[in-house]
Amino acid sequence: PAPLAQKIVDTTIAVSRENNMDPFLALGLIASESSFNQKAESSYGAAGLMQIHAPSHQALLEEIGLRERNPRTVQRLLTAKVKLNVTAGIRIYKAYEKQYGSPVKALQAYNGARSDTSHRYARKVLSMREDFRKVAMPDGPCA
């Protein structure tokens, strides 16, 4: 629905800016991870827009205020709260970017595909980033 889509985009832009991240890259991550399906859940337990795997990122989730330990409750919160999910995903990405020193390596780590030397996942997300940028700024950035 349009109101939810607008909330996702607005939240992603705001949280991206707060965390010094390209919002188009964050939108590319969301598109790749969940196709903008807020309720997405993977077979291995990742949840929400940015497919957060809570057991792998428990410390980060606590850092951003999610102290719940019940896995079902955490899963429910990650699929219900847009800002929580987007904040977690962006913080996870930024931690990988700091650790690996490049967006490509950070994206591969985000996807759990560090050993994929073709960087297929990173290329896909970066391509989506450019698609979003073109839609948002069809004539290029304003001078």
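The values are calculated or read from the model by the stated rules, or taken from the named source; none is laboratory data. Computed from a predicted model, the values in this text were never measured in an experiment. Heads up, the Cβs are rebuilt from the backbone with ideal geometry, glycines too, and the neighbour counts pull from every protein chain shown. Calculation scope for accessible area: heavy atoms of the full protein, side chains included, ligands and nucleic acids excluded. Shrake-Rupley method; radii C 1.70, N 1.55, O 1.52, S 1.80 Å.
Rounded to the nearest whole Hz, the Karplus-based 3J(HN,Hα) values (6.51 cos²θ - 1.76 cosθ + 1.60, θ = phi - 60°) of segment 39-47 follow the sequence 8, 4, 9, 8, 5, 9, x, 6, 9, with x at glycine and proline.
Over every Cα atom in segment 15-67, the radius of gyration and the widest Cα-Cα span, Dmax, amount to 11.8, 31 Å.
Less than 5 angstrom separates the built amide H of Ile52 from those of Ala47, all sequence-distant by 5 or more or on a different chain. Sorting Ile30, Ile64 on solvent-accessible area from highest to lowest, probe radius 1.4 Å, gives Ile64, Ile30. In order along segment 51-63, the phi-based Karplus estimate (6.51 cos²θ - 1.76 cosθ + 1.60, θ = phi - 60°) of 3J(HN,Hα) comes to 6, 7, 9, 3, x, 7, 10, 4, 4, 5, 4, 5, 4 Hz; Gly and Pro are listed as x. 3J(HN,Hα) along segment 28-34: x, 4, 4, 4, 6, 6, 9 Hz, from the Karplus curve 6.51 cos²θ - 1.76 cosθ + 1.60 with θ = phi - 60°, whole Hz, x for Gly and Pro.
Extending 7 Å from Cα along the Cβ direction at Asn19 and again at Ser115 yields two label points whose distance is 2.7 nm.
The lysines within cross-link reach of Lys81, meaning a Cα-to-Cα straight distance under 17 Å and a gap of 8 or more places when in the same chain, are Lys7, Lys39. Taken over the C-alpha atoms, the chain has Rg and Dmax values of 14.7, 50 angstrom.
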